[in-house]
Each structure stands twice: as C-alpha cells, then as structure tokens.
Amino acid sequence: MANVASGGVDADAPEELKKILADFGVSAHVFAPSTDDLTNCLRAAIDSGPDLLVVLAGDGTVRAAAELCGPDGPVIAPLPGGTMNLLPHAIYGARSWQDALSAAMAEGEVRMLGGGEVEGRHFLVAAILGSPALWAPAREAARYGQLTLAWNRAQRALRRAFTGRLRFALDGGPRDKALALSFLCPSISRALDTHAPALEAAILDVQGVRDAVSLGFHALRGEWRDAPAVEARPCRLARVWAAEQIPAILDGEAVRLTSSATVRFEPNIVRVLSLPAGLGDA
C-alpha cells in the first residue's frame, strides 16, 4: 500500500513499487488510497491474505497496519513514506524507500517486533502522555509553513504546561507526579538494547518558564527527548492517572486516553521483514 497523501510519497510510487517487486519475481497488487480511506484500504489488503504487506507511509499508518495484522497476520515491510520515518529507519537504516525495499527483498528476514500498548492501542515508536502532546499540532503547523497557527498552538501548549499534571507509578514502584510521560520502544530508544524486553520511560517535568520553553522548543523540533527536564529509565508496566482525559500522541497520531491508563511493554505485536543484524545501520 502506498499512501500518496503522506509526506514522502509521490504519484509515481505505486508503479515504482510494482516494478521493484516484479524485479524480484513478485506480482503485487498496490493500493493507493485517499487519506480518508486508509483504514478500509488496509483492511481490504489484509483480508486478501498476502504473504507480505508493504506499507509505504508514515509511522502512524504503519501502526494502524500492525494493529490490523497482529502477530499472526501478514508480515509487513514498513517503508519510509512519511515525515519522521523513525520506524523504517530503525529497521532499514536511513535509506530511500526504494533502496529499503530492494534490500529487504534481497536480504530480509522475518522477525517479531515488540512495542507498547495502552488502552488496547499499540505503538511501535513512541507514546507521549500529558500536556506536551499538545505541542504536536504546533509542530505540524510549523512544518507546513502555517506560522500564525503554529504560534497560536504553541501558546496554548505553553499555557497548559503548568496544569493537568500526571500521577504515575512505574513497575509497581512508588507514586510520583510529572508534567508528562513518554515511552520509547526498544527499536527507537538510544538507552535500551534493540531486543530489550522493556520500554524507555521518560519523565518530563518543569520547574519554571525556562524549562517549559526549553521543552516546547525541543518538542517543536521533534527532539523533546533531549530537553534538560527529561529523566529516563527502563519500564515494563506503568500506571498513569489524571484529573481528566489524558492527551496523548501514539506514533505521531493524536488520541485522548481516559483519566486512568495502563502502559505496558508488548513483545509480540507484528512480524516485520527486517534486515539482518548490521545492515540496518547503512
């Protein structure tokens, strides 16, 4: 499937996909859905019973495909067709989608991919819970040159930075509080081994305006993990509470969680066509 509406996919991509797969002796049916038909398209593709589901799209669409496939469904090949492409780059290295597909077809091997789960939703890259999740709309507006809208959204996010703190407990430990929590999957984390049976939990807190502005600046650049107000540690199970619904981002997609959520590491989410050890670093 090629999401031609995403950031890294042009109109010629479906034909390119067919050609590359044909070069490896594979006859493929390529779907190129509109943005509002992605889920139905994914369901139709999976229901057709393929051995391999190639997903040329952003991390959010890959997450949706993984949820529909599950650990017993088709193997997926997540190609870099979005803006961030964190998961494809973790699996295939910083290649173009054409090179990533060719390498996967030539050298790929099937392996199980783990990640996180919260309220029945899976994530393969990262989850951000709490008010910093509100910076995501500002970042998207800035990315598309909508500076006034980005500024207004950033101001709203900054106002929320001192409200709605979360209460949490990691792996049955004592309760604590923070502005927000984030959970990075092992394939993305810089602190965990790729095969570690845990998530990297990052605790985000601010002590004043300077920390809030720093956190917001890093969030706008997609580098919130590097902000000085962030503390990280491994975690397999987290319980999170708030006074109201919790704003969250799962693999780039905005969602609202209930006021009491459980985040857990899930080792078997979906099978992926991965490169052998070492090739993904190219």
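The values are calculated or read from the model by the stated rules, or taken from the named source; none is laboratory data. Just so it is clear, the structure is predicted and the values come from calculations on it, not from any experiment. Note that each Cβ is placed from the backbone with ideal geometry, even for glycine, and that neighbours are counted across all protein chains shown.
In segment 100-114, the count of residues that are within 12 Å of the chain's Cα centre (by Cα) and not assigned by TED's automatic domain parsing to the domain that holds HIS195 is zero. Of all positions in segment 150-166, at least one carries a residue that is at pLDDT 75 or above and surrounded by fewer than 21 Cβ atoms within 10 Å (Cβ to Cβ). Among the residues of segment 1-19, those identified as modelled with pLDDT under 85, more than 19 Å from SER48 (Cβ to Cβ) and surrounded by 12 or more Cβ atoms within 10 Å (Cβ to Cβ) are VAL4, ALA5, SER6, GLY7, GLY8, VAL9. Contact map, segment 99-119: residues that are free of Cβ contacts under 8 Å to residues at least 40 places away in the same chain paired with residues that are aromatic (Phe, Trp, Tyr) and surrounded by 23 or more Cβ atoms within 10 Å (Cβ to Cβ), Cβ distance under 7 Å, separation 6+ or inter-chain. Pairs shown: ALA100/TYR92. Filtering segment 179-206 to residues that are of a type in the set (A, V, I, L, M) and surrounded by fewer than 18 Cβ atoms within 10 Å (Cβ to Cβ) leaves ALA191, ALA196.
Of all residues in segment 179-196, those that are under 22 Å from ALA261 (Cα atoms) and of a type in the set (A, V, I, L, M) total 4. Give the residues of segment 240-263 that are in contact with an Asp or Glu (Cβ under 8 Å, 6 or more places away or on another chain) and farther than 29 Å from GLY93 by Cβ, sorted by residue number. Of everything in segment 240-263, those that are in contact with an Asp or Glu (Cβ under 8 Å, 6 or more places away or on another chain) and farther than 29 Å from GLY93 by Cβ turn out to be LEU257, THR258, SER259, ALA261, THR262. Taking segment 184-254 as the region of interest, the strands (runs of 3 or more DSSP E) fully inside it that hold 3 or more residues being within 23 Å of ALA66 (Cβ to Cβ) and either within 16 Å of the chain's Cα centre (by Cα) or at pLDDT below 80 (or both) are 199-204, 246-250.
Kindly evaluate GLY130 against the criterion of being assigned by TED's automatic domain parsing to the domain that holds SER260 and at pLDDT below 90. Here the answer is yes, as GLY130 does meet what is asked. Whenever a residue of segment 58-84 is without any contact (Cβ under 8 Å) to a residue 40 or more places away in the chain, it has no partner that is of a type in the set (Ser, Thr, Tyr) and in a loop (DSSP other than H, G, I, E, B) lying with C-beta atoms less than 7 angstrom away and at least six residues away or across chains. Only residues that are surrounded by 16 or more Cβ atoms within 10 Å (Cβ to Cβ) and within 24 Å of GLY252 (Cβ to Cβ) were counted across segment 20-51, and they come to 9.
Just checking, does segment 37-51 include any residue being touching an Asp or Glu at 6+ places or on another chain (Cβ under 8 Å), at pLDDT below 95, over 21 Å from GLU15 (Cα atoms) and not acidic (Asp, Glu)?
Looking for residues that are touching an Asp or Glu at 6+ places or on another chain (Cβ under 8 Å), at pLDDT below 95, over 21 Å from GLU15 (Cα atoms) and not acidic (Asp, Glu), one finds none in segment 37-51, hence no.
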